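Structure, as structure tokens:
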Amino acid sequence: QSEVANVFETGYRGQPAEHVSYSVTAFTHLWDRLRSGTSVPVQLENRIEGPVYGVEAWATYRPLGFWTLSAGSTLLSEHLELESGSTDPVGVNNPTLRNDPSYQWMFRSSVDVSRAIELDVNLRGVAELPHPVVPAYTEMDLRFGWTVTRNLELSLVGQHLLHASHAEFGPAAARSEIVRSLYVKALWNF
């Protein structure tokens, strides 16, 4: 059977001053007949249902003409349940169904040091994933960009700078670690 979602969203977007803007969105997804079942013997069912609630908020502020600050966050709450009569042994703990962080946040600072030089700092955090458990993490990326000519831009980029490595998804025995990296990027525009 087809899975069903009744989705309700409401939000507000505003710009109370020339250098400030923001948006807030609240949402509810009412799920029904989500895929469930057993792997051996294969038996597919549509016996998972329940609501997912959340709020997303973002803001941008330009304290000076050359400096922009942005921040945002998402909060998520899932209440999925297995319907009575299901034969699914895994149920709502299926890692492909319900393995979302309860919150995520981001803070970004972008500075135009001069007409040709930019400096970007991006800090972000993600809550623990529940099934399988992946620890929460906070990470930072930096970018130093130089517009050499109208057609050529060079950047020095550092990613995942707060830790040597961290996990973002997958079961512990098979998961890959995202490692700290540093690279130079050249962009040529025709």
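The values are calculated or read from the model by the stated rules, or taken from the named source; none is laboratory data. All values reported here derive from a predicted model rather than from experimental measurement. When we count neighbours, we look across all protein chains shown, and the Cβ atoms used for this are built from the backbone with ideal geometry, even at glycine. For accessibility, only protein heavy atoms count, side chains too; no ligands or nucleic acids. Shrake-Rupley method; radii C 1.70, N 1.55, O 1.52, S 1.80 Å.
Structure summary
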| item | result |
| --- | --- |
| Tally of residues being among the polar types (S, T, N, Q), over 21 Å from residue 11 (Cβ atoms) and surrounded by 14 or more Cβ atoms within 10 Å (Cβ to Cβ) across the stretch 85-115 | 6 |
| Residues that are closer than 16 Å to residue 76 by Cβ and touching a Leu at 6+ places or on another chain (Cβ under 6 Å), drawn from the stretch 1-47 | none |
| The stretch 136-158, subset among the aliphatic types (A, V, I, L, M) and over 18 Å from residue 188 (Cβ atoms), residue surrounded by the fewest Cβ atoms within 10 Å (Cβ to Cβ) | 136 |
| Residue check for residue 71: among the small types (Gly, Ala, Ser), modelled with pLDDT of 95 or more, in contact with a strand residue (DSSP E or B) (Cβ under 9 Å, 6 or more places away or on another chain) and more than 30 Å from residue 171 (Cα to Cα) | yes |
| Single condition residue 82 does not satisfy, out of (1) surrounded by 12 or more Cβ atoms within 10 Å (Cβ to Cβ); (2) under 30 Å from residue 118 (Cα atoms); (3) aliphatic (A, V, I, L, M) | (2) |
| Criterion violated by residue 9 - all others in (1) touching a residue at least 24 places away in the same chain (Cβ under 8 Å); (2) open to solvent by 80 Å² or more (accessible area, probe 1.4 Å); (3) of a type in the set (Asp, Glu) satisfied | (1) |
| Boolean, residue 155 is under 30 Å from residue 35 (Cα atoms) and of a type in the set (Gly, Ala, Ser) | no |
| Meets criteria (more than 30 Å from residue 153 (Cα to Cα), crowded, with 16+ Cβ neighbours inside 10 Å, of a type outside the set (A, V, I, L, M, F, W, C) and touching a residue at least 24 places away in the same chain (Cβ under 8 Å)) for residue 3 | no |
| Contacts under 7 angstrom Cβ, first residue in the stretch 128-139 being farther than 9 Å from residue 167 by Cα and assigned to a strand (DSSP E or B), partner at pLDDT below 95 and among the hydrophobic types (A, V, I, L, M, F, W, C), 6 or more apart | 129/169 |
| Count of the stretch 109-123 residues which are free of Cβ contacts under 8 Å to residues at least 40 places away in the same chain and part of a strand (DSSP E or B) | 7 |
| Subset tally (residues that are without any contact (Cβ under 8 Å) to a residue 40 or more places away in the chain and open to solvent by 40 Å² or more (accessible area, probe 1.4 Å)) for the stretch 30-54 | 10 |
| Lone qualifier among 97, 80 - being aliphatic (A, V, I, L, M) and either touching a Lys or Arg at 6+ places or on another chain (Cβ under 6 Å) or at positive phi (or both) | 80 |
| Members of the stretch 161-178 that are at pLDDT 95 or above and either part of a strand (DSSP E or B) or under 30 Å from residue 115 (Cβ atoms) (or both) | 161 |
| Selection count, the stretch 55-73, where residues are under 19 Å from residue 9 (Cβ atoms), surrounded by 16 or more Cβ atoms within 10 Å (Cβ to Cβ) and not charged (D, E, K, R) | 3 |
